[in-house]
Every structure is written in structure tokens, then in C-alpha cells.
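Structure first, commentary second.
Coordinate-derived values only; no laboratory data. Since the structure is predicted, the reported quantities are computational estimates derived from the model, not experimental observations. Glycine also receives a Cβ, built like all others from the backbone with ideal geometry; neighbour counts cover every protein chain displayed.
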Amino acid sequence: MPRIGLIGTGACLAAVSLLASGCGSGKKDAAQPGATAVTITLTNDGCAPDPATVPAGPVTFTVVNQGGDQVSEAELMRGDTILGEKENLTPGLSGTFSLHLDAGSYSVYCPDAKTDTTTFTVTGAATAQALPASVDAQLDQAVEGYRDYVIDQVTLLVPATKAFTDAVRAGDIEKAKRLFAPARAHYEQVEPVAESFGDLDPQIDARINDVDDPSTWTGFHRIEKALWQDRSLAGMTPIANQLDADIAKLKTLVGSAEYQPAVLANGATELLNEVGTSKITGEEDRYSHTDLSDFKANVDGAKKAFDLLTPALTAIDPALATTITQRFADVDAALHVLKGTYAGTSFVDYGTIGVDIRKMLTQKVDALAEPLSQVAAKVTS
Amino acid sequence: MTTRRAVLGWGGAALAGVAAGGAVTAAVVGDGHPGDATASEGSGVVDFYGAKQAGIATPAQARLAFATYDVTARGTADQRRAALVEMLRSWTRAAAEMTAGRTVPGVNTNPAAPPADTGEAYGAPPANLTITFGVGPGLFDGRFGLAGRRPAALADLPKLAPENLDPERSGGDLCVQACSDDPLVAFHAIRNLARLGRGTVVMRWSQLGFGRATSNGAAQETPRNLMGFKDGTRNIDGADAALMNAHVWVGSETDQPWMLGGSYLVARRIRMHIESWDRDYLADQEAVFGRAKYTGAPLTGTREMDTPDFGADGDDGQPLIAGDAHIRLAAHENNGGLRILRRGYSYTDGMLPASGELDAGLFFIAFQKDPRAQFVPLQRRLGQHDALNEYISHVGSGLFACPPGVSGPADHWASALFA
């Protein structure tokens, strides 16, 4: 349950979008059309850029070694990070590199020169990666679609949970066992959103190792233990009541939540991280072994966010969109062979899954999550 | 930063004109005493580009991070092959940067994106980092349409009794050997390659090593293995071009021109039964190896570098170096001139849960022209007769064809194999 607040994440990304994106990217050794030209003259005395101040945007640097036998390279740096460089320039040689630079203070560095560092300034607003209006509109639609999806899932979660808690209150262990996983599935699809609301996720979804004092432990997994391990629902009515109340509160909160494209993307990655850290290990549903149902719900939630972003991502980076689509299909195919009818789920008992298959599932989820983690920056304008 | 860059220049200058192409280090190598490993090391840069891959003739660095990978790319043979080549391009670019002490290529400063480089080696000098790549026999099954390019010398290793190989620690479609004087830098290399390969490969097994168990350079004092004996006294010196060409680098004899200038890597995870060894009496330990424990001298001499006299008998009429002594069985004089370049490391993975004994030993790595004619007959002989067998078990194994070096930024590992 790593909690990355939606609000916090959103604020961070909002600030980010004003500053840097694509910083340090750009094809080297190829002058870009419309780029500002800067000449760096390399001598034993130093490496002064000319001009020393340029507007934000593409910049092509030409480094010329005018007889400096002590120096052979120049680098453009931001802080301690090398953004671009030209090396092995013996006297008389020159070379170029191009970068897309945002506003800010940079330095030109030439090791072993008398003055080895010279300031270089980029002015103006960040012009990096301004997305076309059509893509912006697609992203707006994605955000709207995701908001609707979250509300839909939580709307389904309320009665599904109620059916489960009714069985708990009625003391019907077998019925409650069948209704446990189906109710959770709605929650697991939108878990990163729930996690953004402070204590709500721990109250609903904590495992016993997440709480200091087991007597304060509430939520789905407390009842799961009663059903599968204690085989007694004694004392569970207050827990069931509280679970209903917490889910009702969640429904109110998601009605007014706001999202950004990057939040969708990061939320999707976070769902897959959840799969890797708690589902595949079998920690999530340790008493019921219904982990595969949660696994599928997490993947579905991630897929939904990705599907909504796909039209925009296809315009921004089609290769990335294709890779991710393929890897979602790989994960789905791997899950498909584990279909079953265990405990009200569409899957087999996770306790019967051997280490080889768990390892294979981890590898497929990792292969998906890696490119998925690149999406947020792509859809951040 | 200044230091790092300055060293870069110096490394490049020192490398020019060295024989055997690129596979050399510019570093002042440590004197080899265990514990001294980092005293005079850490700042060196080994050239990545060259006719030969670095990390073979290169004097052994203090630390090893070794990993093997299985290719999982799907689709038709052409699609799988394209995915693999694409990954090798990104691996090669990343390896070139990392060995130069720079970060993995890509954006590291966009607050909305995960940094391209994982960052733990940021600011650390490469410490003679070399990254050496190889392909295993599995690559030449039907998956990539490469069946016709399998070198005869890459024949699967036969059973070499006594061995007790764990499939979880054996084999692999690809291997990467990262060596550095800084363990963090070596680990950083295999970690980042695994990340770049996600979706195309999965790691099959991995081994960290320390202690540079084997000397392969005249400049290095011979280090000791975990049995407390000097190891590698008579190893091939990586700077000896004639020996390297005779025994290590693949030459025109190869049936697969893409391996010209390459070498075959055999890895064996050799567990030492440390508890038993440690209670063996000194004279027997020395008889097992055929050397004196502290000086490293052969039992027929007084100094480490004395040539063993395998014909010399003691007062009792028995050979001074016993018939089953390790150095007798391994010596090139007794194997028709057969030699290999050893480049192994000590390892420990803590304790064996089943027994409570130490899980430690030698991660043996050897390079050669043709394992069928070198490692296999040598190990067969050792397996049958070596007194050391009482104290060791071969528990993991790997065989890889390491292609020639990468010529420059436009080239990539094993490009001739896929051409």
C-alpha cells in the first residue's frame, strides 16, 4: 500500500510542467531546424559560449578547438548533470551537438582549461513539448473518462460491499466467503485513488502487518481472517458496519476528485507495482488465497487508465503505445490460463500456484510496468 | 567531476598503441593483498571500444557482477530477432557510457519521468569497469533463425562428473560479465542492463563475486582463493599477445566468422565445502594443491614462481607433487600444452538454509578458443582424479560465446552474428 497522494502528485506535476520537460533530450550531432546557434570556442583559457544567453527551445552548439592543447572537450551542464558534450576535439577540430533547452541557468564546462566553467543562460518560458490542441483535447477526454470510471467503480463497490457485509452480519460464513473477492475487485481497480484520501485506504484495506495494534485493525482483510482462518464471525458486525461507512465516505470523496493525465498514468504504474509487491507474493489475500482476483482488478484498472490515454499517447509516441498495448495483452494471456471458479472469483486458488508461475507473472508485470512508467512524462505538457 | 573527466583523458591516452586491442586497463592495479583491493584502484577507465571485448585480457578487477538472461521476446523469428537486436543496441550504448563513468543514455532530469539511469553509481568513477557480453547455446535454437550460425565450439558442455548442477544457476541465452574495482559500479551495470532489457529478456541467474580469486596479469600479485591458497600463479598473462592468440582469442580456425576475435567463456559455480576443508591438516591441504599454503611455492620449490618439477621424488621415493595434486593435473606440461585464461572470483551467498553451512566458493570463469579442446578435457581429467574433489562441488554452469569487440558508437555487441 504505497500511498502517493493524488493531490500531492498532481501539484508536483503542475509545478513541473512549468519548468522542465524533455530537458537534456534531443538528437545529438544533428542541427535542428529553427534551432538557435551557439558557438563555443575552446582554448586553454576557457570555453565561452557565444551568445551567452539564448531563448528557450532547440539550441545547436558548435564547439571549435582553436589551438587549445590542454583541452579537448566541452560540456553543457545543468547542476552536476551533463546534458550534452563534444569530446576528443584536438586543436583545429570542431563538432556540434543539439539540445532542447528550457529556461534556466546552465554552465559550459571544459576540463583542464584555466577557466573551466562559464555560465550559460536560457531565457523565456518553457517551450518544450507544447502539445497540439487536438492532443490536449484527447487528454481532457481521458481525464473526464477516468473520473467517470472511478465513480462507476465506487458506485458498484457500495452494493457489492453491502451484500458482503450483510452476510457477515448474518453470520453466514460460506456466503460471505463467496462475496469477499467480487466486492474487492471494484476497490482494487481504483485503489490509487482511494489511497489519496488519507486514512481511508488503511481502514478499508490494511493487512495485519500494516497495523501496530491488531485490536485497531479494520476492513476487508480483518474479516477475511475471521472467515478463512478463525472460521468465526464473532465480533465482526462493528467491523462490517465500519466498512460500509468507509466505502460510503469514499463514494462522496471521489465525486469531487480532480485528475490530470499524468495522474492517470502514474496511477496505472502504481497499480502494477501493487501487483508486484503484494499480489504475486500472496501477501494481499493470505487467508483466502483470492489474490488472482485482486491481481486482475489491478491490471484492469491500469488498463482502463491506459486505454483512455491511448489516443493522445498514439499521437505523441506511437511506438510506446504499441509496446504497452502488446504487454498488457501478454499479462492478460498469462492470467487467462489461471482461470477457475475458486471462492466466487474467476480464477484458481492462488495457494495452488507454484513458484515458476509466480516468477513468470512477475516478469510479465515488470515488462509492462517499465514502459508504462514512461507515459506520465509524455502526457505532461 | 573534474577528477573523473581528467582520468578519462588520461585513460584514453594510455590506451593508445597497446597490443591486443582495447582489452587493457589504464589503471594502476592494486598489489593484490586481500583488503588492499581499493587502495590504489578506483579511478581507472578501460576503453570499451576495440577489436576485442574488454574484460578478458584486462587485468582482473576486484569485483564481479555476473548475470545471465533468457530472451522472452515473442512473435516470428524475424520479430524476435529484431527485438533482440534493438535491445543489444541499447545495451551496447549504455555499456559504452557506463564504462566511461557516465550515466545510462536518456533523460535523467525530467521530474515527471523515472530517470533513465538508476543513479546509485552517479558521481562514482568507473573503477576500471568492463562489461563483457556473450551468447549461450540456447540462442541458436529455432527462435531467432540463427540455427545455422552456431559455432561448433559452442557445443553444449557434456556431463562432467562429479557435478551436481542446479538448473536455476545454469545456462542462459545471454550473459553479461561486469567487473569493476567498485562493487556498486559493477552491480549498477547489470541492474541497468536488466532494466533496459525488460520485456525482451528476463534475468535467469546472477552471481556477485569478490576477491579476484585468480590473477591474470604479471603486474598483479597472485590473490588467494577461499581455501587460503594462491590461485592463478601459472595463469595466462592477458598482456602476452602470443599466449592470448594461441589459447584465448578465436582465430581463423573458427567455422563462424562472426566469432573471429572473440572468446568462449565457461562459468562454473564451484561450492567449497569450507567446513571440511578448514579441519584438514596443513600438510594434506598442501598435498591436495601441490603448493605450500603461505608462500605459494610448488612443493618442489621455494618461491611462488618456481616452475613445478613434476618428476621430483621425495626421500620416500614418492613424487613430491602427488599424482592427484591439483597443479599436476591442471598443468599445461601434463596436458599436451593445453591452457585456458582463468578469471574467476570468490563468492558467498551467505548460509545454506538446509545445513547452516557457508554457501561459498569459487565462481570460476575461463576464456578459451574452444571449450571442446580446452575446458572439457581439462575438467574431465580433474573430475576423475583431482584430490580437491573431496572439498568442492560444481553446482552451476554456463557456456557462452563472447563475440569480438564493438568497433565504435555505430556498432553493437554481436553485430556480425545478426548481419
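Once you sort the root eigenvalues of the Cα gyration tensor of the stretch A:227-381 as a ≥ b ≥ c, which label holds: rounded (a/c under 1.5), prolate (a/b larger than b/c) or oblate (the other case)?
Oblate is the answer for the stretch A:227-381, as a/c is 1.5 or above yet b/c matches or exceeds a/b.
So, counting K/R as plus one and D/E as minus one, what does the shell of residues with Cβ under 11 Å around residue B:208 add up to? Intermediate results must be reported in sequence, preceding the final value.
Working: positive: B:63; negative: B:349.
Charge balance in the 11 Å sphere: 0.
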Could you identify which residue out of B:379, B:79, B:61 has the top mean-square fluctuation in a GNM of chain B using Cα springs shorter than 10 Å?
B:79
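Quote the FRET efficiency, to the nearest 0.05, computed for residue A:212 versus residue A:169 with a Förster distance R0 of 35 Å and r equal to the Cβ-Cβ distance.
Details: r = 28 Å, r/R0 = 0.79.
Efficiency, rounded to the nearest 0.05: 0.80.
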Debye, to nearest 20: dipole size of the stretch A:30-189, +1 on Lys, Arg Cβ, -1 on Asp, Glu Cβ
880
For a quick check, take a GNM of chain A with Cα springs below 10 Å and name the residue from A:112, A:366, A:317 with the largest mean-square fluctuation.
A:112
Give me, ordered by chain and number, the residues 5 or more places off residue B:346 or on other chains with an amide H under 5 Å from its own placed amide H.
B:210, B:212, B:213, B:363
Find which of B:277, A:351, A:256 sits farthest along the positive direction of the dipole of the protein assembly as shown, computed with +1 on the beta-carbon of Lys and Arg, -1 on that of Asp and Glu, about the Cα centre.
A:351
Please find the FRET efficiency linking residue A:249 to residue A:320, where r is the Cβ-Cβ separation and R0 is fixed at 51 Å, and quote it to the nearest 0.05.
0.85
Nearest-0.05 FRET efficiency for residue A:332 and residue A:277, computed from C-beta distance (R0 30 Å):
0.90
For the stretch B:103-161, whose charge dipole is built from +1 on Lys and Arg Cβ atoms and -1 on Asp and Glu Cβ atoms, the candidate among B:119, B:160, B:133 with its Cα farthest towards the positive end is B:160
Residues whose placed amide H lies under 5 Å from that of residue B:392, excluding near-sequence neighbours
B:273
With +1 on each Lys and Arg Cβ and -1 on each Asp and Glu Cβ, and nothing else charged, work out how big the dipole of the stretch B:51-133 is about its Cα centre, in Debye to the nearest 20.
200
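Among rounded, prolate and oblate, which fits chain B when a ≥ b ≥ c are the square roots of the eigenvalues of its C-alpha gyration tensor, a/c under 1.5 means rounded, and a/b larger than b/c means prolate? Before the final figure, lay out the partial values.
Working: a/c = 1.68, a/b = 1.46, b/c = 1.15.
Because a/c hits 1.5 or more and a/b exceeds b/c, chain B counts as prolate.
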Mind sorting A:249, A:162, A:86 by how few other Cβ atoms lie within 10 Å of their own Cβ, fewest first?
A:249, A:162, A:86
State the extension gain, in nm to one decimal, for the chain segment bounded by residue B:164 and residue B:195, taking 0.36 nm per residue of separation less the distance between their alpha-carbons.
8.0 nm
Applying the Karplus parametrisation 6.51 cos²θ - 1.76 cosθ + 1.60 with θ = phi - 60° to the phi angles of the stretch A:273-279, what ³J(HN,Hα) value in whole Hz is obtained for each residue in order, glycine and proline being reported as x?
4, 4, 4, x, 8, 10, 7
Among B:72, B:295, B:132, residue whose mean-square fluctuation peaks in a GNM of chain B (springs only between Cα atoms under 10 Å)
B:295
Taking Cα atoms only, helix B:77-99 is inclined relative to the longest principal axis of chain B by an angle, in degrees rounded to 10, of 80
Average projection area in nm² (convex hull over Cα atoms of the protein assembly as shown, one quarter of hull surface):
38.1
In range of the label at residue B:355: residues from the stretch B:245-285 whose backbone nitrogen is under 18 Å from the point 7 Å along Cα→Cβ
B:269-281
Would you please classify the overall shape of chain A from the alpha carbon gyration tensor, given that a ≥ b ≥ c denote the square roots of the eigenvalues, rounded means a/c under 1.5, and beyond that prolate means a/b larger than b/c while oblate covers the rest?
prolate
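If you place +1 on the Cβ of every Lys and Arg and -1 on the Cβ of every Asp and Glu, how big does the dipole about the Cα centre of the protein assembly as shown come out, in debye to the nearest 20? It would help to have the intermediate numbers written out before the result.
On the way: 68 positive and 94 negative charges, 298 e Å.
Roughly 1440 debye for the protein assembly as shown.
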For the Cα atoms of chain A, what angle does the longest principal axis make with the long axis of helix A:133-169, in degrees from 0 to 90, nearest 10?
20
Is it possible to state the helix-based mean residue ellipticity at 222 nm for chain A, with each DSSP H run of 4+ residues giving -39500 (n - 2.57), the sum divided by total residues, to the nearest 500 deg cm²/dmol? What is it?
-16000 deg cm²/dmol
Label model pair residue B:141, residue B:348: point-to-point distance (7 angstrom along the Cα→beta-carbon line) in nm is 3.7
Rank the residues A:368, B:378 as a footprinting-exposure proxy: fewest other Cβ atoms within 10 Å of their Cβ go first.
B:378, A:368
If the reach is capped at under 19 angstrom between alpha carbons, list the lysines near residue A:114, excluding any in the same chain fewer than eight residues apart.
A:86
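I want to verify the translational diffusion coefficient of the stretch A:126-258 in µm²/s; compute it with Stokes-Einstein, Rh as the Kirkwood radius over Cα pairs, at 10 °C and 1.306 mPa s. Can you show the working numbers first?
Details: Rh = 16.2 Å.
Translational D for this selection: 98 µm²/s.
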Relative contact order of chain A: what whole-number percent is it, with Cα pairs under 8 angstrom and at least 6 residues apart?
16
Of A:63, A:190, A:123, which is farthest towards the positive pole of the protein assembly as shown's charge dipole, taken about the Cα centre with +1 and -1 on the beta-carbons of Lys, Arg and Asp, Glu respectively?
A:190
Residue A:74's amide H: which non-local residues (gap 5+, or another chain) put their own amide H closer than 5 Å, with H modeled 1.01 Å from N in plane and none for Pro or chain starts?
A:86
For chain B, calculate the relative contact order in percent as a whole number, restricting contacts to Cα pairs under 8 Å that are 6 or more residues apart.
22
How would you rank B:97, A:274, going from fewest to most other Cβ atoms within 10 Å of each one's own Cβ?
B:97, A:274
Quick one, can you get me the convex hull of the C-alpha atoms of the stretch A:293-381 expressed as volume per residue in Å³?
87
Spacing of the two label points (7 Å from each Cα toward its C-beta) at residue B:318 and residue B:124, in nm
4.9
